[in-house]
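Engineer: What follows is a single structure, and I will ask about it in a moment.
The values are calculated or read from the model by the stated rules, or taken from the named source; none is laboratory data. Source: prediction; values computed, not measured. Using ideal geometry, Cβ is built from the backbone for each residue, glycine included, and neighbour counts are taken over all protein chains shown.
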Amino acid sequence: MKSSCGAFLAAMAVAAALATTALAVDYTVDDSIGWDTYVDYDKWTAGKTFMIGDTLTFKYEAYHNVLEVTEADYGSCATGKPISTHSGGETVFELAEAGTRYFICGIPRHCANGTMHLQVTTVPYDAALAAKIKADAAAAAAPSPSPLPSPPADTFADAAARSAPAGGPTKATIPAPGTSGSVSLTSAPPRYHVAGLLALAALVAMAA
Ligand SMILES: [Cu+2]
């Protein structure tokens, strides 16, 4: 009785842990370009809700880096006293507690002139919101309706390809037999011409 109760609680804990893991999101900082100059990261964070348990992955060229800094240093792009410094092309931050974190690139002017500054505010985990974010992400990833219109284009291409071979084979099959057949025919006339010219030359030579 007591042990089965413990087992039940353990199972519940595992289930809860799995549910939390399943709904955590790994955000790649700017999905398309990554961590680079001239990306508006305020635009990237707009509309996103970062929750405890999510992760933030920076992907960047080796000449960039990632500094986690204070709010004051973030505001002035100051690189002298970072909270932590990261390099190597890929850095993952776990958003383990609520609050705002500040990230900049430490390469001169990349923060101030090149927009490489990102602030992320993490809120406490909310299962319902996490489920909604997952659903929205799945829906956003699913605009396979737009890929679907392109298959018709492929169908046209296929049709064109099919009709092209249909027209092509006619040309291709004629030249192909014709090549062996008409090569001798077309190459024969030159021989006749050459023979004729030689004969003519011979006649001219004899007449001369
Ligand atoms: Cu940089």
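Engineer: Tell me, which residue of the range 75-127 that is among the small types (Gly, Ala, Ser) and under 26 Å from the mean Cα position of the chain (by Cα) is nearest to the ligand (Cβ to nearest atom)?
Structural biologist: Gly114
Engineer: Same structure, new question: Quick check on the range 31-71: of everything there that is within 11 Å of the ligand (Cβ to nearest atom) and part of a strand (DSSP E or B), which residue is farthest from the chain's Cα centre (by Cα)?
Structural biologist: Leu67
Engineer: Same structure again: From the residues in the range 31-58 that are over 18 Å from Gly88 (Cβ atoms) and charged (D, E, K, R), which one is surrounded by the most Cβ atoms within 10 Å (Cβ to Cβ)?
Structural biologist: Filtering the range 31-58 for residues that are over 18 Å from Gly88 (Cβ atoms) and charged (D, E, K, R), the one surrounded by the most Cβ atoms within 10 Å (Cβ to Cβ) comes out as Asp54.
Engineer: Under 6 Å by Cβ, and 6 or more places apart or on different chains, what pairs join a residue from the range 107-135 that is in the same structural domain as Leu95 (by TED's automatic domain parsing) and under 14 Å from Asp73 (Cα atoms) with one that is within 16 Å of the ligand (Cβ to nearest atom) and not in a loop (DSSP other than H, G, I, E, B)?
Structural biologist: Cys111/Ile104; Cys111/His117; His117/Ile104; Leu118/Tyr41; Leu118/Phe103; Gln119/Tyr102
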